[in-house]
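The values are calculated or read from the model by the stated rules, or taken from the named source; none is laboratory data. Computed from a prediction, not measured in an experiment: that's the story for all the values here. FYI the Cβ positions are ideal-geometry reconstructions off the backbone, even for glycines, and counts take in every protein chain you see. All accessible areas refer to the heavy atoms of the entire protein, side chains included, with ligands and DNA or RNA removed. Shrake-Rupley method; radii C 1.70, N 1.55, O 1.52, S 1.80 Å.
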Amino acid sequence: MSVHVEDERSKKIVFVANCLLNANNKVMEIARYQGMFSEVIRTLDEYGIGINQMPCPETLYCGCQRWHTSRNLYDNVGYRRFCRKMASPMVDYMVNYSKVGYKVVGILTCDGSPSCGITKSSYCEDWGGRPRGIARTLVDKPGIYMEEMLALMKERGVSLPPVYGLAMDDYDMTTEEIIADFKAWVESSL
Ligand code: SF4
């Protein structure tokens, strides 16, 4: 029988894309808030859920002044290897949590990102080479970081929690609509 005394912790954790806690890591010109996406963070706090902030693979790989880009440009061996390296300590956290019965209640990420999207990621076959104005589109695939992270979780036998992508790249949606959709997801899934 355990001799440990229970404390206040909820034993519930969500893994959150870096820029939801720090808009300064977003690629330039697309941040919808100044620092944290506070409504989203407040909602998680209301449920007593702790946050593990995942690293921003694009800032660490390409810096703050990087170009807007697409999943097909990032879909190369070097970036995949880098994403997997970034994902590895996140999966280590998950393994440690599961050993003591803590629950990873979800992964919260940013749809549309070529790295962190889950149901959608940006795509343009014609991007690359000399920079010029070619419109990208969204494909129904995860970004490269999320793809590597989920593959690593599967390889290491970590069960997959619900994964939700805030529709950050959908400019037909207002920020209020994104928050409302997120709250509905929280209420139905967590
Ligand atoms: S979506 Fe991912 S790669 Fe893009 S800024 Fe946020 S954390 Fe970085």
Query raised in the report: Using the Cβ atoms and a cut-off under 15 Å, what net charge is assigned to the surroundings of residue 2, where Lys and Arg are +1 and Asp and Glu are -1?
Result: +1
**Report entry** Pairwise label distance in nanometres, residue 88 with residue 189, each label 7 Å out on the Cα-Cβ vector
**Finding:** 2.8 nm
Query raised in the report: With a sphere of radius 12 Å drawn around the Cβ of residue 163, what net charge do the other residues whose Cβ falls strictly inside it have (Lys, Arg +1; Asp, Glu -1)?
Result: -2
Report summary line: As a percent rounded to 5, the proportion of antiparallel DSSP bridges among beta bridges in the chain is 20 percent
Report summary line: Probe 1.4 Å, heavy atoms of protein chains only: per residue, the accessible area of the chain in Å² is 56 Å²
Query raised in the report: Between residue 174 and residue 137, what is the FRET efficiency for a Förster distance of 25 Å, r being their Cβ-Cβ separation, to the nearest 0.05?
Result: 0.75
Query raised in the report: Which pairs in the list 85/141; 12/141; 154/183; 11/141; 26/183 are over 24 Å apart, alpha-carbon to alpha-carbon?
Result: 12/141; 154/183; 11/141
Query - For the range 44-123, alpha-carbon Rg over 2.2 N^0.38 Å - result: 1.25
Report task. For the range 12-189, with all protein chains present and a 1.4 Å probe, just round the carbon and sulfur fraction of the accessible area to a whole percent. Result -> 51 percent
Requested in this report: Mind putting together the pair-distance distribution for the chain? All Cα pairs, 10 Å bins, whole percent per bin, short to long.
Outcome: 9, 36, 36, 15, 4, 1, 0
Report task. Pull out the extension gain between residue 34 and residue 181, defined as 0.36 nm times the separation in residues minus the alpha carbon to alpha carbon distance; nm, one decimal. Result -> 50.9 nm
